[in-house]
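*Asks:* This is the structure, below, for whatever I ask next.
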Amino acid sequence: MTDDELLAAFDVFNLIFITILLVITWPLAIFVYAKLIFCPPFSISYTFKLIVVNGVTELLCCTTFLVNYQIATFAFARPLIVLLQDKKFGYPMKAFDIMTNGIGQHTAFFVALNRLTTITSITRKGKNRE
């Protein structure tokens with residue numbers, strides 16, 4: 001096999017693998033996130049809501065990556081990509097991809113800050129008891 005054939009095979013495998021993982025992950029994530037948002041012990045805490053926002057954003061990042069980059073590399077998607085470019089949907093799709101990546105990074109940072117705050121407050125409470 002030539003390098004181009006190996007790269008094409010890798011692209012197909014990557015597309016199928018990412019698609020399968022997304023198809024498995026989306027329903028499970030929606031179930032868990034609905035429980036975190038609507039069940040009373042969890043719905044009271046803003047931390048869980050932040051985790052839900054971060055998780056949904058990361059799944060959207062993965063989905064936009066699949067649509068914008070993975071599928072666009074295949075010949076069968078060329079008519080769709082040309083149609084989207086002709087109808088001026090290319091830039092909004094790219095903007096949505098950039099926006100979800102930015103929000104994903106920010107929410108991950110805020111989740112990390114929340115964890116740090118929790119750890120430091122537990123440490124401070126432990127020192128006050130001594």
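The values are calculated or read from the model by the stated rules, or taken from the named source; none is laboratory data. Please read these numbers as outputs of a predicted model, since none were measured by experiment. Note that we place each Cβ from the backbone using ideal geometry, even for glycine, and neighbour counts take in every protein chain shown. The protein model used for the area step is the full one, side chains on, heavy atoms only, and it has no ligands, DNA or RNA in it. Shrake-Rupley method; radii C 1.70, N 1.55, O 1.52, S 1.80 Å.
*Asks:* Order these peptides, 19-29, 45-55, by their mean beta-carbon neighbour count within 10 angstrom, highest first. Don't skip to the end; give the middle numbers.
*Replies:* Details: 19-29: 12.0, 45-55: 16.1.
Going by the mean number of other Cβ atoms within 10 Å, highest first, we get 45-55, 19-29.
*Asks:* Which helices of the chain meet both criteria: a Cα extent of 15 Å or more along the helical axis and a mean Kyte-Doolittle score no lower than 1.6, with helices taken as whole DSSP H segments?
*Replies:* 3-38
*Asks:* If you split all Cα-Cα distances of the chain into 10 Å bins from zero, what percentages do you get per bin, shortest first?
*Replies:* 11, 26, 29, 18, 10, 4, 1
*Asks:* List the relative contact order of the chain as a percent without decimals, with contacts defined as Cα pairs under 8 Å and 6+ residues apart.
*Replies:* About 27 percent, as a whole number.
*Asks:* Within the accessible area of segment 1-121, what % is carbon and sulfur when the probe is 1.4 Å and the other protein chains stay in place?
*Replies:* 77 percent
*Asks:* What whole-number value in Å² describes the accessible area per residue of segment 10-129 for a 1.4 Å probe?
*Replies:* Here the per-residue accessible area is 72 Å².
*Asks:* Then there's this: Check the straight Cα-Cα distances from K35 and name the lysines below 22 Å, setting aside those fewer than 8 residues away within the same chain.
*Replies:* Cross-link targets: K49.
*Asks:* Once you put a point 7 Å from the Cα of T47 and another 7 Å from the Cα of L6, both along the Cβ direction, what distance in nm separates them?
*Replies:* Distance between the two pseudo-spin positions: 4.8 nm.
*Asks:* Right, next: Any idea how far apart K94 and T25 come out in nm if each label point goes 7 Å out from Cα toward Cβ?
*Replies:* 2.5 nm
*Asks:* By its C-alpha gyration tensor, with a ≥ b ≥ c as the square roots of the eigenvalues, how is segment 27-68 shaped: rounded for a/c under 1.5, else prolate for a/b larger than b/c, else oblate?
*Replies:* Values: a/c = 5.41, a/b = 2.25, b/c = 2.40.
Because a/c hits 1.5 or more and a/b fails to exceed b/c, segment 27-68 counts as oblate.
*Asks:* So which chymotrypsin sites (Phe, Trp or Tyr not before Pro) in segment 86-130 are both in a DSSP loop and have at most 15 other Cβ atoms within 10 Å of their Cβ?
*Replies:* Answer in residue order: F89.
*Asks:* Using 0.36 nm per residue, how much length does the chain from A108 to R78 gain when fully extended, once their Cα-Cα distance is taken away?
*Replies:* Extra length available between A108 and R78 comes to 7.4 nm.
*Asks:* Calculate the FRET efficiency for K125 and I37 from the Cβ-Cβ distance with a Förster distance of 35 Å, rounded to the nearest 0.05.
*Replies:* It comes out at approximately 0.80.
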